[in-house]
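Note sheet for the following structure.
The values are calculated or read from the model by the stated rules, or taken from the named source; none is laboratory data. What you see is a predicted model, and the numbers here were worked out from it, not measured in a lab. Here Cβ is always computed from backbone atoms with ideal geometry, including for glycine, and neighbour counts include all displayed protein chains. For accessibility, only protein heavy atoms count, side chains too; no ligands or nucleic acids. Shrake-Rupley method; radii C 1.70, N 1.55, O 1.52, S 1.80 Å.
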Amino acid sequence: MTPYVGRPVKRTEDPRLIRGLGRYVDDLRFADLLHVSIVRSPHANGRLGPIDASAARQAPGVVEVATVADLDAAAVGDVPCGAVLPGMRKPAHRPLARGRVRFAGEPIAAVVATSREAARDAQDLISVEIEAADPIVDPEKALAGGAPLVHPELETNHAFDWTLKSGDVDAAFRSADRVVSQKLVHQRLVPVSIETRGAVAQYDAGEERLTLWTSTQIPHLVRTMLAGTLGLPENRVRVVAPEVGGGFGGKLNFYAEEILVAFLALRLAPRPVKWIETRREHFAGTIHGRGQVGTVEIGFKRDGRILAIRYHSIQDLGAYPQLLGPAIPTLTGLMVPGPYKVEALDVKVTGVYTNQMSTDAYRGAGRPEAIYQLERVLDIAARDLEMDPIELRRRNLPTKEEFPFKTAAGLTYDSGDYQRALDRALEIARIDELRAEQKRLRAQGRLLGIGISTYVEICGLGPSAAVPAGGWESATVRVEPSGKVTVLTGSSPHGQGEETSFAQIAADVLGVPLENVSVRHGDTAEVQYGIGTFGSRNMAVGGPALLKALERVRDKMKRLAGHLLGAAEVGFAEGKFSAAGKTLSFAEVAGAAHRAANIPEDFEPGLSASASFEPKNFTFPSGTHVCVVEVDRDTGDVRILRYVAVDDCGKVINPLLVEGQIQGGIAQAIGQALYEEAVYDEAGQLVTGELMDYAIPRASQCPRFETDRVETPSPVNPLGAKGVGEAGTIGATPAVANAVIDALAPFGVRHVDLPLKPEKLWRLMQQGGRP
């Protein structure tokens, strides 16, 4: 039988989604359902005065209006931050504003009514007094003396400093023949998931159990935090993640609204309570990504060899530190050397509070920032050194013989063949032909640009000592009496395809047809504790846990088969146990284990096993991306002509899933490079607060992606997997940016901050004049 692992199997979860049979939070229907609408601050900063909800309470259909006073009376806790850095100044973060409002969109009160429309109408009847104050939205200005304070009780907007140093940086820079420096801005991004956030909660007084259905990537962690926030026993709280509808890090969090809905369900039991985020609320109240500004300084020898890197950046945390927000820029710091050999490193990250929505993990979470800034400066340096940008990269890449490779940041890259990925990408792109075509078209006045990026990322997040929530993962395998197999995984996939790829692994290990395997996840009452889905960890951490559980079940079945066949040694292949010319099918052994009429001594009836896996290191996917663009001289419009991606995600379980993740990641990177930007004005108002003002890439703006792979299995886990969920986003942003800026080389353009919108490029060309 051909193994399932390695085959491009179509996703088994897709039929229900394509046919409209998936269940999202908003699809949940209950009798006597109540609906929540949230009153949000129209101001970015100010003192919060009295809240008059008397008229709203008398409105048709209104059942309850809650303010922070109600939360305080019930001793409801703060919205937690799980990544508080040493020495960090951390403010209180109430689920509803108390005393002050600190960003436009901060929740102030919650209205509960018998319909969504009634709740929304009553919301307008609540009178809120706010003594508006000047906000601060520029993270650099927030550090200046006299700047408005986001949290006056902290007496500063400075949240933390995080540093990382290695080698003799000063000596390295003194010996450098060329020092290249560039300030770079990573604009704020909005996750823009297809399905916005949502939550439904219900309290069963008879069972003394609170159930929360929520659109989340981390159901078990939400359960733990929700129980702690509400003061409930954790074993009396159930959290269910139905279809999530896109996460990208935006749902790797624990939000005020989840606390509110659960609190209201306790208060209004037994009636269930539901809140569904509007698209405008999503822009204003779901975490934003990126939000870094920093300066990269690199010292080079004349031959292009990198000696040292200084990176000093400011991370805009927004008004509050969300669950993992402070940790995100530390990932940037760890990945500053990228895939290159660097002798010395000096990193300083400063966290700053501003009157804006919080920033946190967004696809790539700190690593796109590191690779973008490094790859941009390398292109600038190649021009200054009069070197081919490809050759500059090649001279600084480690060879495959140097792995495992220790970096200047103290990490150990597990495996890789960076040179081969680079060569393969150039081969597919036909780089010499491209450059000849570029020269020919430039002679005609057309602006063709070629951009390249070589990247490495940190994935498979674990071990636990390095991850705030824990870095392990769990799995349970249960073989039913009929021989059907149920897999319960603590990972909680939401589009990555593990219902398929985990079934492929199970089918191979147990020798059963793929359709006989069911993969379950996302329900804390059904699935053993798990950490969740983020940092491309499902296959690299959850997969090995599943493999261990599968092997335990298979070994138990072999023992029983040996007993039934009267043999000490039993062979197992293609779902059959054999010894001395006799065979037993998988289903026969499964049935015997459950009937338990003839089992070995000390053999426990039934067939199930649980296992956990904690890696001893991260995994480090890598690759090379090449982008070709043309910029329109008259409009500044950018058209992507070709895109080549060669990635190394370790052992590939399902090539079709890998292709989908790479393509989706590249599309989101194109969004950051060319279109997307969350913009607040000086009054702290989000002026890109809906899809009319916030551009995301359309299918017509994405080319046909040409993809290929280099496969160097990771030694960190028994599957050899590294993860691929964020690779496209990390490799593509600098490749697209480098291509666009290369196209503008005839105008003397050295650097342009993202996003590279047509108007911005057009103005640059007008200022530079036509060559």
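Of the residues making up the stretch 693-721, those that are of a type in the set (Ser, Thr, Tyr) and either open to solvent by less than 80 Å² (accessible area, probe 1.4 Å) or in contact with a Gly (Cβ under 8 Å, 6 or more places away or on another chain) (or both) are 694, 707, 712, 714. Across the stretch 620-629, a minimum of one residue is classified as in contact (Cβ under 8 Å) with a residue 12 or more places away in the chain, in a strand (DSSP E or B) and touching a Pro at 6+ places or on another chain (Cβ under 7 Å). When 161, 168 are screened for being more than 30 Å from the chain's Cα centre (by Cα), open to solvent by 40 Å² or more (accessible area, probe 1.4 Å), at negative phi and of a type in the set (Asp, Glu), only 168 passes. Within the stretch 258-295, take every residue that is hydrophobic (A, V, I, L, M, F, W, C) and in a loop (DSSP other than H, G, I, E, B) and give me the one that is nearest to the chain's Cα centre (by Cα). Checked the stretch 258-295; the qualifying residue nearest to the chain's Cα centre (by Cα) is 287.
Table: residues versus (1) without any contact (Cβ under 8 Å) to a residue 12 or more places away in the chain; (2) under 30 Å from residue 719 (Cα atoms); (3) among the small types (Gly, Ala, Ser).
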position: 9; (1), (2), (3): no, yes, no
position: 13; (1), (2), (3): no, yes, no
position: 26; (1), (2), (3): no, no, no
position: 36; (1), (2), (3): no, no, no
position: 54; (1), (2), (3): yes, no, yes
position: 60; (1), (2), (3): no, no, no
position: 90; (1), (2), (3): no, no, no
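Applying the set (1) in contact with a Lys or Arg (Cβ under 8 Å, 6 or more places away or on another chain); (2) touching a residue at least 24 places away in the same chain (Cβ under 8 Å); (3) in a strand (DSSP E or B); (4) over 30 Å from residue 733 (Cα atoms) to residue 610 leaves exactly one unmet item: (1).
Based on this model, can you work out whether residue 502 counts as part of a loop (DSSP other than H, G, I, E, B) and not polar (S, T, N, Q)?
Numbers: part of a loop (DSSP other than H, G, I, E, B): no; not polar (S, T, N, Q): yes.
Here the answer is no, as residue 502 does not meet what is asked.
Restricting the search to the stretch 489-515, which residues are open to solvent by less than 10 Å² (accessible area, probe 1.4 Å) and in contact with a Ser or Thr (Cβ under 7 Å, 6 or more places away or on another chain)?
Filtering the stretch 489-515 down to residues open to solvent by less than 10 Å² (accessible area, probe 1.4 Å) leaves 489-492, 497, 500-507, 510, 512.
490, 491, 492, 500, 502, 503 - these are the residues of the stretch 489-515 that are open to solvent by less than 10 Å² (accessible area, probe 1.4 Å) and in contact with a Ser or Thr (Cβ under 7 Å, 6 or more places away or on another chain).
Counting just the residues of the stretch 586-599 that are assigned to a helix (DSSP H, G or I) and among the aliphatic types (A, V, I, L, M), which one comes out surrounded by the fewest Cβ atoms within 10 Å (Cβ to Cβ)? Result: 587. Being within 27 Å of residue 724 (Cα to Cα), touching a residue at least 60 places away in the same chain (Cβ under 8 Å), crowded, with 24+ Cβ neighbours inside 10 Å and of a type in the set (Gly, Ala, Ser) is a description that does not apply to residue 319.
For the stretch 723-771, the tally of residues that are within 20 Å of residue 703 (Cβ to Cβ) and of a type in the set (Gly, Ala, Ser) stands at 8. Taking the criterion of being open to solvent by 40 Å² or more (accessible area, probe 1.4 Å), farther than 22 Å from residue 515 by Cβ and either of a type in the set (Ser, Thr, Tyr) or assigned to a strand (DSSP E or B) (or both), the residues of the stretch 569-582 that qualify are 578, 582.
A search for C-beta distances below 6 Å between a residue of the stretch 756-768 that is under 11 Å from residue 631 (Cα atoms) and any residue that is open to solvent by 90 Å² or more (accessible area, probe 1.4 Å) and assigned to a helix (DSSP H, G or I), counting only pairs 6+ apart in sequence or on different chains, returns nothing.
The residue list 555, 602, 523 contains one member that is free of Cβ contacts under 8 Å to residues at least 24 places away in the same chain, closer than 30 Å to residue 461 by Cα and either more than 42 Å from the chain's Cα centre (by Cα) or open to solvent by 10 Å² or more (accessible area, probe 1.4 Å) (or both), which is 555. Among residues of the stretch 258-275 that are in contact (Cβ under 8 Å) with a residue 24 or more places away in the chain, those with a beta-carbon under 9 Å from a residue that is among the basic types (Lys, Arg) and in a helix (DSSP H, G or I) at least six positions away or on a different chain give the pairs 273/267; 274/116.
How many residues are surrounded by fewer than 21 Cβ atoms within 10 Å (Cβ to Cβ) and among the hydrophobic types (A, V, I, L, M, F, W, C) if we restrict to the stretch 426-460?
Applying the first criterion (surrounded by fewer than 21 Cβ atoms within 10 Å (Cβ to Cβ)) to the stretch 426-460 yields 426-428, 430-446.
Now narrow it down to the ones that are among the hydrophobic types (A, V, I, L, M, F, W, C): 426, 428, 431, 434, 436, 441, 443.
Count: 7.
Residues that are open to solvent by 10 Å² or more (accessible area, probe 1.4 Å) and assigned to a helix (DSSP H, G or I): does the stretch 235-252 have at least one? Yes, because at least one residue in the stretch 235-252 is open to solvent by 10 Å² or more (accessible area, probe 1.4 Å) and assigned to a helix (DSSP H, G or I). Taking the criterion of being open to solvent by 10 Å² or more (accessible area, probe 1.4 Å), charged (D, E, K, R) and in contact (Cβ under 8 Å) with a residue 40 or more places away in the chain, the residues of the stretch 461-488 that qualify are 478, 480. Looking across the stretch 526-552 at every residue that is at negative phi and among the polar types (S, T, N, Q), the one that is surrounded by the fewest Cβ atoms within 10 Å (Cβ to Cβ) is identified as 528. Residues in the stretch 139-164 that are outside any helix (DSSP H, G or I) and closer than 23 Å to residue 327 by Cβ: 13 in all.
Hey, any hits in the stretch 551-559 for a residue that's in contact with a Gly (Cβ under 8 Å, 6 or more places away or on another chain) and at pLDDT 95 or above? Within the stretch 551-559, none of the residues are in contact with a Gly (Cβ under 8 Å, 6 or more places away or on another chain) and at pLDDT 95 or above. Cβ-Cβ contacts under 8 Å between residues 6 or more apart (or on different chains), taken from a first residue in the stretch 148-175 that is within 15 Å of residue 352 (Cβ to Cβ) to a second residue that is open to solvent by 40 Å² or more (accessible area, probe 1.4 Å) and assigned to a helix (DSSP H, G or I), are listed as 157/143; 158/143.
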